[in-house]
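Below is one structure; the comments refer to it alone.
The values are calculated or read from the model by the stated rules, or taken from the named source; none is laboratory data. Predicted model, so just to flag it, every value in this text is computed and none were measured. Cβ coordinates were reconstructed from backbone atoms using ideal geometry, including for glycine residues, and neighbour counts include every protein chain displayed. Surface accessibility is based on the protein's heavy atoms, side chains included, excluding ligands, DNA and RNA. Shrake-Rupley method; radii C 1.70, N 1.55, O 1.52, S 1.80 Å.
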Amino acid sequence: MKSEELQRLTASEPLTLEQEYSMQRSWREDAAKCTFIVLDAEKWQAQLSTTEESCMAGDVNLFLTDLGDPSLGEIEVMIAEPSCRGKGFGTEAVLMMMSYGVTKLGLTKFEAKIGQGNEPSIRMFRKLHFEQVAVSSVFQEVTFRLTVNEHERQWLLEQTSHVEEKCYRDGSLESH
């Protein structure tokens, strides 16, 4: 990730190729981390020969960070491809990850830590019913939280009712 803008928005440091591979291995092997790659569906459906790599728009991540509270997940999203920003990709990805967390992992609380200057993400999380619970001037970030009560759960499931889960194995998709 060489974009200075993305590094600023995600509070990230540039990684060497070896560091990137190491991080990807840790994600694959760590049961407390979940990541979904966000694809641009229009590009994906445009041609049969289109590769996933050419359609990648970003990612959405879920961390189970509090061993004392297995119902809490920290969520983050990054839409890296500039042409995909402002089109609802981040909102849809966060909704799908939250639905996964609620239905598959039993999560009932979500936190998002966002850079104070990242207004698009702040607006998005507020639109998704998150409330600001803390501000860290040291880290220059705002923490948002959502507690998923029955009303929020029903709203979330309605927002993601069109989603169809598919397994991805050996380069092919299998319906669930």
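Listed by chain and number, the lysines placed with their C-alpha closer than 18 angstrom to that of LYS109 are LYS33, LYS127; residues fewer than eight positions away on the same chain are left out. Annotation for ILE37 and ARG126: the two label points, set 7 Å from Cα along the Cα-Cβ direction, are 3.4 nm apart.
For the stretch 134-145, the Karplus equation 6.51 cos²θ - 1.76 cosθ + 1.60, evaluated at θ = phi - 60°, returns couplings of 7, 9, 10, 6, 5, 8, 6, 9, 10, 9, 10, 9 Hz by residue, with Gly and Pro reported as x.
Taking every protein chain into account, the accessible area of the stretch 52-176 amounts to 57 square angstrom per residue (probe 1.4 Å).
Counting Lys +1, Arg +1, Asp -1, Glu -1, what net charge surrounds GLN159 among other residues with beta carbon under 13 Å of its beta carbon? Summing Lys/Arg as +1 and Asp/Glu as -1 gives -1.
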